[in-house]
1. Name, by its number, the condition in (1) surrounded by fewer than 20 Cβ atoms within 10 Å (Cβ to Cβ); (2) touching a residue at least 12 places away in the same chain (Cβ under 8 Å); (3) within 43 Å of the chain's Cα centre (by Cα) that does not hold for I496.
2. Please verify whether H252 is surrounded by 15 or more Cβ atoms within 10 Å (Cβ to Cβ) and assigned by TED's automatic domain parsing to the domain that holds T29, treating the condition exactly as stated.
3. Scan the stretch 51-92 for residues that are more than 24 Å from the chain's Cα centre (by Cα) and among the aliphatic types (A, V, I, L, M) and jot them down.
4. Going by the conditions given, is K396 more than 23 Å from K453 (Cβ to Cβ) and over 17 Å from the mean Cα position of the chain (by Cα)?
5. Restricting the first residue to the stretch 166-190 and requiring it to be within 19 Å of L88 (Cα to Cα), which pairs with a second residue that is among the small types (G, A, S) meet a Cβ separation below 6 Å and a spacing of at least six or different chains?
6. With the requirement that a residue be in a loop (DSSP other than H, G, I, E, B) and touching a helix residue (DSSP H, G or I) at 6+ places or on another chain (Cβ under 6 Å), what does the stretch 115-138 give you?
7. Within the stretch 124-152, can you find the residues that are of a type in the set (G, A, S) and under 32 Å from the mean Cα position of the chain (by Cα)?
8. So which of L77, L143, L110 is surrounded by 17 or more Cβ atoms within 10 Å (Cβ to Cβ), closer than 15 Å to I27 by Cα and in contact (Cβ under 8 Å) with a residue 40 or more places away in the chain?
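The values are calculated or read from the model by the stated rules, or taken from the named source; none is laboratory data. Predicted model, so just to flag it, every value in this text is computed and none were measured. All Cβ positions, glycine included, derive from the backbone under ideal geometry; neighbour counts span all protein chains shown.
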Amino acid sequence: MVEHWVIRLADKVIKEKGEAIVVAAGITTSGPPHLGTVCEFLYPWALVKELRRRGVDAYFIFVGDIMDAFDSIPVTLREHGEMLKPHLGKPLVHVPDPYGCHRSYGEHFLRETAKIMEKFGVKPDEIVGSNKLYSNGLYDDYLVFFAERLDTVKKILEETSLRKLPRSWKDIALPICEKCGKIATTRILGFNLSEGTIEYLCDKDVGYTKGCGHKGKVAIKDRMWKLAWRLDWPSRQDFLGVDVEGAGIDHHTRGGSWDTAVAIHRKLFGKEPPVGFKYGFILLKGRKMSKSKGLGDLNYILSLVPPEVLKYFLFKGGLEENKDFNDDPGFLLSLYEEFRNVGLIFERKAEVKEAGLAKKVHAYMLASDFERASLHVSFIDVLIIYQIYGDWRVVKEKLGFPEEVDKLRTYIENWVRLDIIPREYRIKFNPTQISKYVNVVRSFAEKLRESMKDIEIHNLVYEVARQHNVNPKELFKILYEALLGQPYGPRLGRLIVAIGISKVRETLLKLTEK
């Protein structure tokens with residue numbers, strides 16, 4: 001049987017790094033988190049839990065790269081565009097919070113990401129902004145180390161990034177301009193290591209902003225600078241003692257920053273690098289999710305389905321494969337039902353031999369933290385019954401398991417409030433007189449029994465249609481029209497059980513009276 005990727009990864013980490021493991025992850029908090037952001041903390045957390053399950057001492061640290069440059073205004077923040085635009089090019093930690101509730105833009109979205117982690121049950125041992133790592137002086141010695149070996153660093157960067165750097169290149173770090181405050185537009189002119197200073201010029205045009213032309217110096221000890229990413233990453237891994245860290249597949253392509261990190265560890269630090277793992281992109285209808293473009297709004301998606309369902313989606317495929325998500329209501333309903341059905345297989349403790357299904361069962365186990373989720377009631381059943389009766393007391397009476405119904409209540413109400421219920425699930429009990437197949441419909445009604453399951457009712461339609469030599473599709477259509485006043489709806493058996501078999505029987509008999 002093919003094992004889930006988290007099992008294979010844990011095997012590798014233990015084999016290469018031993019029994020005390022530091023797992024690291026991080027993101028640039030450049031805007032509201034989206035579903036792709038979740039991978040950055042969910043995948044390492046799954047590894048941490050698997051390691052701990054085996055008795056390994058695993059520590060999980062999550063870093064918010066809020067020293068990175070603010071390079072675009074997300075679509076969802078365009079209303080704050082006038083206020084934010086002058087800050088393009090500055091470190092995220094120096095950009096004001098548009099909502100006014102945190103000290104900076106970067107900290108706001110780092111805290112928002114932390115709240116999302118809580119919803120997904122992810123609990124890092126430590127969440128830290130990169131500004132704290134810099135202000136505590138943890139990078140100081142690395143800057144000096146790289147500056148003293150500038151030619152070697154340059155050679156490694158050229159070899160691993162597959163690009164030629166200018167002869168005058170010295171940009172191992174990005175100083176923050178003391179005049180305009182930008183970090184994206186500065187370039188290093190030279191170092192005076194005995195004095196402990198960096199000379200820079202703020203003159204770069206990076207497309208979204210331009211340098212102010214100021215020429216100045218920053219003291220290394222003042223920490224108004226950050227290392228270039230390809231040097232920042234291995235330096236951080238070194239001083240944090242990181243044993244394993246994942247990143248998007250783009251970092252792991254030939255010429256990507258992972259190649260640089262590995263080379264820095266081996267050729268300059270004289271150490272073996274952390275175990276690396278890569279994961280594919282999360283797409284939204286075929287397009288890469290983006291904070292700046294507002295694609296994949298996570299809070300919206302979480303208002304429609306429980307986080308366990310999204311976790312299942314992210315865990316059920318291969319780690320490195322791209323996963324194409326769709327926030328259309330029909331896709332979300334189908335995904336929830338798949339999650340529930342796989343969970344029922346797990347509940348039955350059935351032996352699963354088929355590899356694809358086995359992976360899904362393990363994905364369910366990871367998504368539900370190896371515990372039973374709310375599986376007795378179907379999301380679609382709750383959605384249908386609530387539309388029919390509009391009374392949660394009745395919904396609970398119809399379905400039982402009131403606690404499970406309560407867990408879905410907010411989601412169902414959001415579907416109704418946002419008016420996003422797919423056409424086939426829009427239900428209003430609306431008995432309507434019919435003119436075709438009256439005798440056939442009456443025959444169907446007479447055969448309905450209170451004890452029937454939805455699949456038995458579904459099969460009864462075919463049985464009655466065959467007895468009367470009627471096309472089953474036509475009979476389904478007429479029954480929908482009789483009950484809903486429209487020629488379509490959810491699965492008929494499910495609908496009739498939701499309305500109430502006795503009520504449907506009585507209604508159809510009345511509609512077909514001679």
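1. (1)
2. yes
3. Listed by number, the residues that qualify are V56, M83, L84, L88.
4. No; evaluated as a whole, the condition is false for this residue.
5. Correct list of pairs: E178/G216; K182/G89; I183/A69; A184/A69; A184/G89; T185/G89; T185/G211.
6. Listed by number, the residues that qualify are F120, V122, L138.
7. G129, S130, S135
8. Every option except L110 fails the conditions.
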